[in-house]
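**Q** Supplied in structure tokens, the structure appears directly below.
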Amino acid sequence: MRTNETEKKYLKRAGQLYSQAQESLSNKYISHSELVVWLISQQPRIAKATWRQYKASVIFYLQHQEVNEDICRAISTLKVASSGACYKKGLGTSASKEKKINDTDLARLINSATHKNMRHGTSAMVWLLAGMISGLRPSEWQYACINKGNQLVVKNAKSTNGRSHGIERTIELVNLSDQDKQVIELHLGLIKTAIDIDGFNSYYEHCRSALYELTRSLWPKRKKHITLYSARHQFSANAKKSGLSLEEIAALMGHASTQTATQHYGRKVSGNPKGVAVRASNEDVERVILLNQHRNEKTLSRNFR
């Protein structure tokens, strides 16, 4: 099920791709068929996952234009286009994103952000630290809040497609140090102010760009760089180091499956010995247990058919 937020992102991304195509083809106007042909020609430069996002965005955009022969031709061409020519490891996608943040790199980043005259450098560091403490996806901070019970309430980003254990999750903050709690509160406050001024997405882009500049200036020769999402990977590694159960980790990270963090997120070997101080609510853990029992039963049922 596609949400309004997803549709907005599709339209925005399609507009960006159209502008890139215009610039690439040196034309003030290009037909929709030319846009599709250009997009397909970009496959060797992008990863398969990125291609799927681009394809879905442009198809959604085309389907909301006035129907004519060019539109129909463009949609038909793009729908049958496979991802076969995509670059296997991707350029500038997840292949270049670091899945861990060690203490040395973190200290260098914070020091650099503190001393550079960069508008959003400090904000980017607060975002990174808050992500390592809580495990939230960058996009989930938009609607996150601390309730009166000292819990961080998070609207799960993947709740509409069955990849999350529910609409929202509750993260217990009672064991957090005062310093870590202050980081979370500061980050939420900065986001609230930014939303009132220029919107969440704009603030996210500013912080993301600041971190991009910092990492490239510190480690210009590295192939993988720390991003805001790296904080979530490090949280996963720390949670595994803490000895939390797979069900607890899934509940904390908003996953329906206990295998997601195991297969796709930071490894235990990269975890900080201090682990994590936050805890999942009992209700979220129970929900994850039930979901995975149901999945296992369905798998067994299929195997015995």
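**Q** Would you be able to tell me the number of residues in region 252-295 that are in a loop (DSSP other than H, G, I, E, B), β-branched (Val, Ile, Thr) and over 12 Å from Gln234 (Cα atoms)?
**A** Within region 252-295, residues that are in a loop (DSSP other than H, G, I, E, B), β-branched (Val, Ile, Thr) and over 12 Å from Gln234 (Cα atoms) number 2.
**Q** Could you say which residue among Tyr10, Tyr29 is in contact with a helix residue (DSSP H, G or I) (Cβ under 9 Å, 6 or more places away or on another chain), modelled with pLDDT under 90 and among the aromatic types (Phe, Trp, Tyr)?
**A** Among Tyr10, Tyr29, only Tyr29 is in contact with a helix residue (DSSP H, G or I) (Cβ under 9 Å, 6 or more places away or on another chain), modelled with pLDDT under 90 and among the aromatic types (Phe, Trp, Tyr).
**Q** I've got another one for you. Quick check on my filter: what residues within region 42-62 are more than 15 Å from Thr6 (Cα to Cα) and modelled with pLDDT of 90 or more?
**A** Trp51, Leu62
**Q** Hey, can you tell me all the residues within region 6-26 that are within 18 Å of the chain's Cα centre (by Cα) and exposed (fewer than 12 other Cβ atoms within 10 Å of the Cβ)?
**A** Lys8
**Q** Something else about it: Looking only at region 186-225, count every residue that is under 18 Å from the mean Cα position of the chain (by Cα) and either buried (at least 16 other Cβ atoms within 10 Å of the Cβ) or in a helix (DSSP H, G or I) (or both) and tell me the total.
**A** 17
**Q** Scan region 198-233 for residues that are touching a residue at least 12 places away in the same chain (Cβ under 8 Å), farther than 11 Å from Ile101 by Cα and of a type in the set (Ser, Thr, Tyr) and report the count.
**A** Final tally of qualifying residues: 6.
**Q** State which residue pairs qualify: first residue touching a residue at least 24 places away in the same chain (Cβ under 8 Å) and inside region 134-156, second residue among the hydroxyl-bearing types (Ser, Thr, Tyr) and in a strand (DSSP E or B) in any location, beta carbons under 7 Å apart, and separation of 6 or more residues or different chains.
**A** Filtered contacts from region 134-156: Gln151/Thr170.
**Q** Starting from residues that are among the small types (Gly, Ala, Ser) and within 13 Å of Lys99 (Cα to Cα), keep the ones in region 234-291 and report whichever is surrounded by the fewest Cβ atoms within 10 Å (Cβ to Cβ).
**A** This residue is Ser270.
**Q** Here is a follow-up. Please indicate, with yes or no, whether at least one residue in region 123-131 is in the same structural domain as Asn201 (by TED's automatic domain parsing) and assigned to a loop (DSSP other than H, G, I, E, B).
**A** The answer is no, given that none of the residues of region 123-131 is in the same structural domain as Asn201 (by TED's automatic domain parsing) and assigned to a loop (DSSP other than H, G, I, E, B).
**Q** If you don't mind, there's one more thing I want to ask. Identify the residue in region 101-122 that is surrounded by fewer than 20 Cβ atoms within 10 Å (Cβ to Cβ) and not in a helix (DSSP H, G or I) and, among all such residues, is nearest to the chain's Cα centre (by Cα).
**A** That would be Asn102.
The values are calculated or read from the model by the stated rules, or taken from the named source; none is laboratory data. Keep in mind that what you see is a predicted model, and the values were worked out from it rather than measured. Note that each Cβ is placed from the backbone with ideal geometry, even for glycine, and that neighbours are counted across all protein chains shown.
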